[in-house]
Each structure stands twice: as C-alpha cells, then as structure tokens.
Amino acid sequence: MRGIFHYLWRYRVRIFLGLLALLIVDGAQLIVPLIIRAAIDQLSRTGTAQLVLFAGYILGIALVVAVFRFFWRYFIFGASRMIRRDLRDRLYAHLVKLSANFFANTKTGDLMAHATNDVEAVQFACGMGILALADAIIMVSFSLAAMLSINWQLVLYAFTPLPFVTVFVVVIGRMIHKRFLAVQEAFSLLTEKVREAIAGVRVIKSFAQEAGFSKDFRRTNELFIQKNLRLVRVQGFFEPMIALLAGLSSAIVLLVGGQKVISGAISLGDFVAFTSYLGMLTWPMMALGFVINLMQRGAASMERIERILKTEPEITDAPDAQPFPARAAIECRRLTFSYPVAEPSANGHPVLRDISFSLEEGQRLGIIGLTGSGKSTLVHLLLRVFDPPEGTLFIGGVDVRKIRLSHLRQAIALVPQDPFLFSTTIRENIAFGKPAASEHEIVEAAQLAGIYDEILEFPHGLDTIVGERGVSLSGGQKQRVALARALLLNPKILILDDALSAVDAEKEEEILRNLKDFMGSRTAIVIAHRISAIKDSDLILVFDQGHIVERGRHEELLALDGIYARLYELQQAEAEVVKKL
Amino acid sequence: MSYHWEEEKLGAAYDSALMRRLLTYVKPYRKLFAICLGLIGIITVCELALPYITKIAIDRYIRPGQLSGLYGLTALFVGILVVRLFASFAQVYLLQLSGQKIMQDMRTQIFEHLMKLPVKFFDKNPVGRLVTRATNDVAAINEMYASVLVYLFKDVFLVLGIFAIMIQLNWQLGLLILVLAPVIAYATWEFRKRARDAYRDFRRKLAKLNAYMQESISGMRIIQLFAQESRSYQTFQSINTEEYEANMRQLMVFAIYQPIIHLMSAVAVALIIWYGGRGVIGGIFTLGSLVAFLNYVEMLFAPIRDLAEKYNILQSAMASAERIFMLLDEPAEDRGRGRVLPSVQGAIEFRDVWFAYEGEEWVLKGVSFAVRPGERVAIVGPTGSGKTTIISLLTRFYDIQRGQILLDGVDIRELDIQFLRSQMAVVLQDVFLFSGDMLGNITLQSETIPRERAIESARFVQASSFIEQLPNGYNAEVKERGATLSVGQRQLLAFARAIAFDPKILILDEATANIDSQTESLIQESLQKILRGRTSITIAHRLSTIRESDKIIVLHKGVVVEQGTHEELLARKGLYYALYTLQFAEAQAVKTA
C-alpha cells in the first residue's frame, strides 16, 4: 500500500482537485431530493407551486454537476493514467540496467505480465478505487445526515435490514472469495493443459494420442465449468439478495413512512425525499466490497512491481572504474567459470576450466570446438555479460571488471551467433550502435559485411523493414546485417562468434578476405566451425568441454595430429564430396 | 526510431456474419436461453411494478389518509420483491450455466482442432498466442454473452415498458420526455463514433508499447552490448507517452459523454416537476403519478449509462471471435487415404526423396535408401545435413515434394495417418514430459495401455530403478516440466514410453548431452534390449551405436554420400572415415583432459 501512496502523493494536487469536484457533484446531487420535496410539499399543501423556479433550480444544479462530473473524471482518472505511465517508465528504465542473469532467470511472459496486468491493477486501485471509496464515504454520510434530519425514527425502521446485509456480505463475501480462488486455480490448470498440449504436439502426434489428450482436456474443461458454476451459485445469489434487502427497506419506508405522512409527523415531500436518499445509499454500500478488492489487488501488484525495481543490477561499474585501456591486448589467466547457480542449466559445473592465453594488440585469435564447449561464454565474459572471477581476464593489463562498462562495450563489438535484429528498417538496424552514422558509413559497413548488393535488390533498399525479429531476411542475411552493425561501431576489438554460420563457405571466405584490412590493426577473436575461417589466425585454440585441448598456429596444430588435424581432414573430405556432387 | 508491428486487427463492433456464426454455439442451448428471456420478462415486470405500487400508495392511501389499505399494498410490494429474488437468481444461474456450456463447447472444439492441425502450423505460431485462443478469447465471448446479449433484451423490455406506463399515466408528459430521445440518440451516436476511434487508437498504441517492450526484453543483451540503454529508454518513453495520450483522449470522450447523459436525465426531472406540477395544480395529474414519473425516469437512464461499457465488451468479443474463427478455419492435417495394413513387417524405403520446408530451399535432395525388416540403421552426418528431417518425414509431420517414402512397399500417404504413426515410436534427444505422474508420461493418457504394462515397460528399460525410488513411485508427480529429472532419467522414461506402445519401428535421436557414465551404461544396455526384433533408424552420435548398426547412412547437405557397414565405410577412407576418426580423437581428448 505504501508504494501506491507514494504515487498518489506525487499527483496530490490533481487528486485533491478531483476529490473536490466529486464532493461538489455528490453534494449537488443530494440537494435535488430537497427541491423535489419542497415542490411536492407546496403542491400537496397549497395546490400551487413556483414550478418554474424549482425546475430552474434542478437544471442549474444539473449544469454544475455536469461540469464538475467532467472534472472529477478528468482529474482522478487522469492521475491514475499518469501513474500507469510513470510506473511503466520506471520499470523499463530499471530493466535496461539489469544483467543477463536476471533475464535468464525471469520469463519474458512474467515481465510482460508485470508491465501490463500489474500496472493496470495499480491504475485501477488509484482511479476507480479512490473514486468509489470517496464516493461511498460522501454519499453515505451526507444522505444519512439528510435522512436523519427528516425523521430519525424512520431511519431506524428503514435500517432494520442493515445487520442482515452486513452479515450476509461478510459470510457470502468469504464464500465467494474462496470459490473464486478455486476458479482461478482451475483456470491455470486449463491454461497449462492447453499450453502443454501445444508445446508437446509433436510427441502427441507421433504416438497418435490426440484422442486421449482431447479426452483429458474435456475432463479439465468440465472441472473448470463445475468450479465456475459453484461460484455462480453463491455469486448469483449475492446481488438479488442485496436487492431484496434494499427493497425491504423501501417496503418499510412505504408502510411506516406512509403512516407518518397520514399522522402528519412528516410531509409527503419528506416521504419522497427519504425514498430517494435510500435509493442513493444502495450503490455505494454494494461498491464497498468491490473497492476493498480493488485496493488489495492493487497493493499486491505494486509489491510485485517493487520486487523488480528493488533487484540490483549485478554488473555495474566498479567504484574505481577506468576508461578503456590504450592497448587492446587481451590476457586470460587461469580462468575457471561456472554460471551463477540460479541459472537452470547451470547445475554448478564449470563451463570454462583453467583457460589461459594472451593476445597482443592487432593480433587475431581463432577458436574452434564443439557446441557447448564454452567458446561463447568466454567472449561474454570479456564483454561482462557475466562477470569473470577477479584477476582472470585483462585488457591492456587492466582487469575487465575495472573498466567502465560503457567504454568496454563501445570498444568491443560482438557479432553473436544468433543475430537478433529489431523490427525496424535495415538502416536503423545497421546504425543501431551509432544512430548518428552518415549514409556513407552505413553503406560502407554493409559493403564490408557483403550484404550491400542484396540490400539494393530489396524493394526499399536500406529502408526495407526486416519484420518481426528479422523474419523477412534469410538466416545468412540476418547474420551479415548483424556483422555490418558491429563493423559500423569501429571497435578496437572485433569478435565474431560463429557469426557467419548460415552463410555458405565461399561467401564466408570472401567476407573474411574483405575484412582483412579492417581487422588489420584491430584485435580480433573469431569463433568458427570451419577451419578455413580461422586458419590464418595468430593463435588458434581448440576447445572441448570447457578445456583448451590444443593450441598453436595452423601448421603447428596439423603437425600435432590431434582433434584439429582430424577436423581439418573431415572438412577436406566434405569439400571433396561437395565437389563430386 | 520507427517500429513496425502487425497492427492489431479491430473490425466493427458488430459484424452480422460473425454474430450469426457465434449464435450457432447458442443454438443447442436455445431452450435455456428462452427460459432466461422469460425470466428477464418477469424481472422487468417486477421492477416496473414497484414504483407503480408507490404511486397507488400515495394516491389512494397516504393522501386520503387511509392507513388500512397500506398494509395490503406493502405485502404486495414484499411479495413482488420475493418473486424478483427467485427470478433473478434462476435467471443468473441459467444464464451462466448456458454460457459455461457454450464456452466448454467452444474450448473443446478449439482444442480438438488444434490437435488436428499440421505440425507446420505450430512451427509458425507461437504457443502463447494459441493458448490465448482457447482461454482468454473464449472468456471475452462469454463476457459478451453473459453481460451484454441477454441484458440487451432486458434494456429494451424496460425502456418500452417505462414508456408504455408513462404514456398511460399521462401521454403528454410521456411524449415530452420522449422528445429527449433524439438528443440522447444523437449524443450517443457521436459518442459511439468517437469512442470507437479513441478505443482503436488506444489499442494500437498499447499493442505497440507491448510489442516494443517484449522485443526489448528479448533483445536486451544486444541493447546492453551496444551500450544503447539510454536511447532505448528514450524510445520507450516516447511510445509510453503516446499510449498515455491516446488513453487520455479516450478518457476525455467518456468524460464528456457521461455528464451529457446525466444532464439529460436532469432535464427530464425538471420537465416532470414543471409540466407534471402544472398538471397536479390543474387537477389532471396526481401527486403519486408525479412521484412515479420521477422514479421511472431514474430507471430509464440506467441502461443508457452503461451503454458505453457494453459497447467495449461487444467490441473486444467480436475481435476475439474473429481470431477464434480464423484458427478454426485453418485446414486440418491430411489424414492419408485411410489404408490399413493387416500386418506390418517394418520395411522402410526412401525413393528419391526431395523436401524443402520453404519454397525451393531443399533440405533433402534425392535421398534414397532401404531398410529391411528388423534392420538397425544409423544415420550420421554434420549438423544441418538433414538427419532430423528424415525422422519428421517418416511420421508425416511434413509431406515430401518429390519421390516416395514406403512402408512395406506402400506409399505412406496411402496409409491412415493414425495407423502409420502407431507403427512407430520416436524418441528424441530432448524428451518432452507432460504434467501429471510418471505413469501418465509412459502411457500418454492412452487407455489401451494398462498400468501393469507401463510398469513392465519401465522395468524392461531399467527406468524402474529411479522411478521406484521416488516417494510415490509411478504416481510421483512430474514437477516443473521434468526439470528435476536428469537428462539420462528422461531418456529412460522416453524409452519406457516407446516400449509401452510396442511399435514395429523405433526412431531414435541419440542424446548428445553429458550423461554420467553410470546412466550412460544403463541407457546403452536398455537400448540393446529395445532394439531387438524391431526395425530401427537412429541418428547416432555415439561410436558404439554406430559400430553395431547393420547399415550406416552418411548424409551431407541433404544428400546420401556414403552407405554401407562400418567396415566397408572405413575402408573407403571418405567422409565417414574422417568423421569417425574425429570422434575417436575427441573421445580420447576428453579422457585425457
């Protein structure tokens, strides 16, 4: 609740103005029965009345009400929408600071649920919740006061059903809540059954078990319906019952009030006004339960949002962070690394074991190995996607953990295995890291990445939209756009992490040939499956299950006659096969 | 930055073709629906009667001062309240009952249709989106059924009833109030147009915001690696502000419409006081009638006030219906030509098979090979050579473009698809587990497999050793989609599943992940047992499996480049030889590392 109050406080002026407008609206509405009373009393007593005046009053009040009705909506609901906007802003601003580990352990769906459902629940609590609460308080206290002023005994009579209403609301309310939770649970089960059947549809089909799963689903469906009807049986009773009790109050007023009019204790106008006030009470009383529910949900949602906002980013600048070192040499000293235990796939095994190597500025490192051997992890550590253990990974003699994060990431460009593109134009994707890039720079990067000619063939050239996550491009095209995106950064260190795997071998070689000049003075790390892509490197490392099993230059590795040599043989054999076809 | 997503489709709030199709779901429950309407009629009459009783009370008893008649009238009042109570309860219950039944039918139909769709469809549609069809979209339609459709009748009854009574009480005043109708109709018409536009604009902006956020979360690593956090935040902020502004515009439309309707009801009240009051003075109108008019006007405006809300519900239900029907109109998978073989030997042949998932990007290019009944065949080749595709084609997850796949000499497209798939069991390296217990994961809900046979199968493949150690044994729950089980245990469970179905043909994709040596030897042992007496096709990663195969097929870029026994292929010193020596070298390196 405190979190919500914090936001309400921020918009206190609007909320205050809104509540003031509400007070005016409610107050004015409460005067109308008094005018009607006066009119009826004049009519019944004297047989004449200043009808035009009364009708004028009613219209005048109605105009005031209309104006202020607009204002409370505008101020209170407006403030709740501002809170919705602010909360989302804050959530997003925090998300961009959080580390890879957080995203690995949090489902995108859950985060989206926080940004949509939870933010909405807070908005409702701040808008509808505050409004209905204030409205109930004002209406109940004012109409009660007006009714008491008419005849306090009649109030006592009219309110005899009230204790029943209270007991009824409490008891049935509790039952409804319990049964509602059961419905929610059944709904989750139902959702999970559908999700599972779709995710496992290939298994179900391959064992030809569609009928069995449909039958099972029908059972869950039936269960859900039953839980729903169980809820309906009490919930369906709730409103008619409240209506009955409210109706009983009216019946009592009809009888007792009628008697009092006849006996002259109250006037006919009093009687009519009293009935109107009674009618005005019903809704706010019924709304009270609904308000409490809204507030509770809002508070729970706020708590979930705050839990994210309180998550500290794991990877941050060290207090004594330094700029990127002048010399882009890389050194790795006895690096052993396991993913933080919370990661599901981690199970505590080291992904990298005892890795050491050093690379001078301007040199090129080639890494080869099976999938899952830890190559990508190594480059992620260099970029501090995860933090390496202290004293294991250095650039220009400085521990990467001591380099300012923004400098580190601006100086190193990574072309990842899975080339994630954004749903915008090719131009904006290439210029992603440098939005101010000139046309010339973009074209040059695209040419260097060997994609420019193909871009020109697209209907809108550089302004072609790549579709959701790049669906309208082929795998190889996406990879080359991602390469151009990295090249445009003009990085000190360039890392290609199996970046051209979807590009055919000839094209890959051509691109790498073109990149030679670009790489010239830069430090580069190339991870590849094809030996042809790395055989000219200054140092080649062969990874297997987190270890470096072989190291050296191409010729040295061939002479070693180990995995590297076998791999080379295999790729030669494949090339032979391809030639024959 | 300009972002582009598929915009959420928002058709008209009311589409008669869609509505007609929706009504076909109501048809089986038309009796319930008719009873609901009848009850609604009774409730409406009750509600109309209450102010009339007050009128009679004032005119006949309170004003003349006749107390005795008031008792009977109050009793009538209470009696009507009780009737209304029971009618309301019955109506709500029956309405919900029919609504739930309709939802159940719809959901079942959606689920069953999903099960019939081809695998290709699931490749293209994200799971989450499909789940929404069967859950939230159906719920949106129920919302419309339960809180709009029936109440529309109620509102019409009520409004007609009120005017009938008003005209009867005093036709001049009744007509005078009716004069307000065009004003209200005009305001509502204007509002409807604006509300629809504002709603659409808001939904579009919201969809854009959600899409941007979702994409950013998925691509957060790229945003951070390119140090674009602050720019990405600025973009989000501007999209968020746009959504806020659209939201505010929608708020304004409502903030203007609602007071206008209230104002109209005040005008009606003023008219009653002025004109009705004059009537009372002139003696042509009673005070009781005046009070009744005031009460009826209050009732008259209630349905108009929630019109806006009902309109929103209608609109979102129509959008949901459109999405659901689009899914239901997806063509089901081809079930084959229905042929069933009396007995299956297990011979498989690929004859010049060409296949592409998309257009002309061939994954298999003229693949031919034959497997004799009972033979063990291993397929080897680098990643992307088309091995997994061969498995998908055998079970007809996809249909080939050229050539033929034959089972016992019959084209598999001739066979009934259920029959075809029942002859094979597929074990993939990534074992999919369902929620429920161990037993259910072995039998896959099939009622033809008794518990004993499932347990026997588990024992046969030695999965029993870990299952029986669990607290509830075969009834132990599979938690978190099997995350608590090791890769090896999941493999064994999948073997048990395959054996329980006793297939003629086994198709295996060997697990590449690390499995501890104890489980590994367990798996190898079980594998030997389950392969006995069956035709098998294995995508092999392990040297031992490859060596013991009767035939090895070497695949490279969708072409069979070599085939033969282990010894024959080694002697050729070709691709297989190179693959084999590399694997051997790797195995050595791991041992020494």
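The values are calculated or read from the model by the stated rules, or taken from the named source; none is laboratory data. Model, not experiment: these values are computed from the prediction. Please note: Cβ atoms are built from the backbone with ideal geometry, for glycine as well, and neighbour counts cover all protein chains shown.
For this structure, a couple of remarks:
- Taken as a whole, the condition of being buried (at least 17 other Cβ atoms within 10 Å of the Cβ) and touching a helix residue (DSSP H, G or I) at 6+ places or on another chain (Cβ under 8 Å) applies to B:Leu290.
- Considering only residues in the range B:433-457 that are free of Cβ contacts under 8 Å to residues at least 40 places away in the same chain and either part of a loop (DSSP other than H, G, I, E, B) or under 26 Å from the mean Cα position of the chain (by Cα) (or both), the one that is farthest from the other protein chains (Cβ to nearest Cβ) turns out to be B:Pro450.
- Failed item in (1) assigned to a loop (DSSP other than H, G, I, E, B); (2) within 13 Å of chain B (Cβ to nearest Cβ); (3) at pLDDT 90 or above, with A:Ser537 passing the rest: (2)
- Qualifying residue in the range A:317-337 (condition: within 34 Å of the chain's Cα centre (by Cα) and among the hydroxyl-bearing types (Ser, Thr, Tyr)): no
- When A:Ala528, A:Ala499, A:Ala482 are checked against the criterion of being within 11 Å of another protein chain (Cβ to nearest Cβ) and small (Gly, Ala, Ser), A:Ala482 stands alone in meeting it.
- Qualifying residue in the range A:243-254 (condition: β-branched (Val, Ile, Thr), crowded, with 17+ Cβ neighbours inside 10 Å, at the interface with chain B (Cβ under 9 Å from one of its Cβ atoms) and under 35 Å from the mean Cα position of the chain (by Cα)): no
- Any hit, the range A:88-100, residues being free of Cβ contacts under 8 Å to residues at least 60 places away in the same chain and aliphatic (A, V, I, L, M): yes
- Only one of B:Ala498, B:Ala463, B:Ala476, B:Ala511 that is at pLDDT below 85 and aliphatic (A, V, I, L, M): B:Ala511
- Residue in the range A:291-303 that is under 30 Å from B:Gln224 (Cβ atoms), surrounded by 16 or more Cβ atoms within 10 Å (Cβ to Cβ) and touching a residue at least 40 places away in the same chain (Cβ under 8 Å) present: yes
- When restricted to residues that are touching a residue at least 60 places away in the same chain (Cβ under 8 Å) and within 36 Å of the chain's Cα centre (by Cα), the range B:258-268 contains 0.
- Positions within the range B:405-428 being out of contact with any helix residue (DSSP H, G or I) (no Cβ under 9 Å at 6 or more places or on another chain), part of a strand (DSSP E or B) and crowded, with 19+ Cβ neighbours inside 10 Å, in sequence order: B:Leu415
- The range A:206-240: number of residues that are over 23 Å from A:Leu189 (Cβ atoms), facing chain B (nearest Cβ under 7 Å), assigned to a helix (DSSP H, G or I) and not aromatic (Phe, Trp, Tyr): 3
- Leading residue by the ranking (farthest from the other protein chains (Cβ to nearest Cβ)) among those in the range A:425-442 that are buried (at least 21 other Cβ atoms within 10 Å of the Cβ) and in contact with a Lys or Arg (Cβ under 9 Å, 6 or more places away or on another chain): A:Ile442
- Taking the range B:65-170 as the region of interest, the helices (runs of 4 or more DSSP H) fully inside it that hold 1 or more residues being within 7 Å of chain A (Cβ to nearest Cβ) are B:68-116, B:119-124, B:127-132.
- Checking each residue in the range B:356-388 for being among the β-branched types (Val, Ile, Thr) and free of Cβ contacts under 8 Å to residues at least 40 places away in the same chain picks out only B:Thr383.
- Count of the range A:400-424 residues, restricted to those that are under 11 Å from A:Val481 (Cα atoms), at the interface with chain B (Cβ under 7 Å from one of its Cβ atoms) and not in a loop (DSSP other than H, G, I, E, B), is 0.
- Within the range B:391-404, the set of residues being more than 10 Å from chain A (Cβ to nearest Cβ), touching a helix residue (DSSP H, G or I) at 6+ places or on another chain (Cβ under 9 Å) and among the charged types (D, E, K, R) comprises just one member, B:Asp399.
- The lone exception for B:Phe285 - which of (1) farther than 30 Å from A:Arg37 by Cβ; (2) outside any helix (DSSP H, G or I); (3) more than 9 Å from chain A (Cβ to nearest Cβ) it fails: (1)
- Pick from the range B:342-370, criterion crowded, with 21+ Cβ neighbours inside 10 Å and within 15 Å of B:Ile553 (Cβ to Cβ), ranking: nearest to the chain's Cα centre (by Cα): B:Leu364
- Subset of the range B:230-253 (residues that are crowded, with 18+ Cβ neighbours inside 10 Å, more than 30 Å from the chain's Cα centre (by Cα) and within 7 Å of chain A (Cβ to nearest Cβ)): B:Ser232, B:Tyr233, B:Met248, B:Leu251
- Checking the range A:443-457 against the condition returns no match, with no residue being in a loop (DSSP other than H, G, I, E, B), within 11 Å of chain B (Cβ to nearest Cβ) and surrounded by 17 or more Cβ atoms within 10 Å (Cβ to Cβ).
- Filtered residues of the range B:68-85 (kept if surrounded by 15 or more Cβ atoms within 10 Å (Cβ to Cβ) and free of Cβ contacts under 8 Å to residues at least 40 places away in the same chain): B:Gly69, B:Leu70, B:Leu73, B:Thr74, B:Leu76, B:Phe77, B:Val78, B:Ile80, B:Leu81, B:Leu85
- Some residue of the range A:23-46 being farther than 15 Å from A:Phe271 by Cα and in contact with a Leu (Cβ under 9 Å, 6 or more places away or on another chain): no
- Extreme residue, farthest from the other protein chains (Cβ to nearest Cβ), among residues of the range A:50-67 that are farther than 12 Å from B:Pro259 by Cα, surrounded by 15 or more Cβ atoms within 10 Å (Cβ to Cβ) and among the aliphatic types (A, V, I, L, M): A:Ile61
- Test: residue in the range A:488-497 that is assigned to a loop (DSSP other than H, G, I, E, B) and of a type in the set (Val, Ile, Thr): no
- Among (1) part of a helix (DSSP H, G or I); (2) among the charged types (D, E, K, R); (3) under 30 Å from B:Ile217 (Cα atoms), the one test that A:Asp135 misses: (3)
- None of B:Tyr61, B:Tyr25 is facing another protein chain (nearest Cβ under 8 Å) and either over 30 Å from B:Arg421 (Cβ atoms) or modelled with pLDDT of 95 or more (or both) except B:Tyr61.
- Selection within the range A:552-574 - facing chain B (nearest Cβ under 10 Å) and either of a type in the set (A, V, I, L, M, F, W, C) or assigned to a helix (DSSP H, G or I) (or both): A:Ile563, A:Tyr564, A:Ala565, A:Arg566, A:Leu567, A:Tyr568, A:Glu569, A:Leu570, A:Gln571, A:Gln572, A:Ala573, A:Glu574
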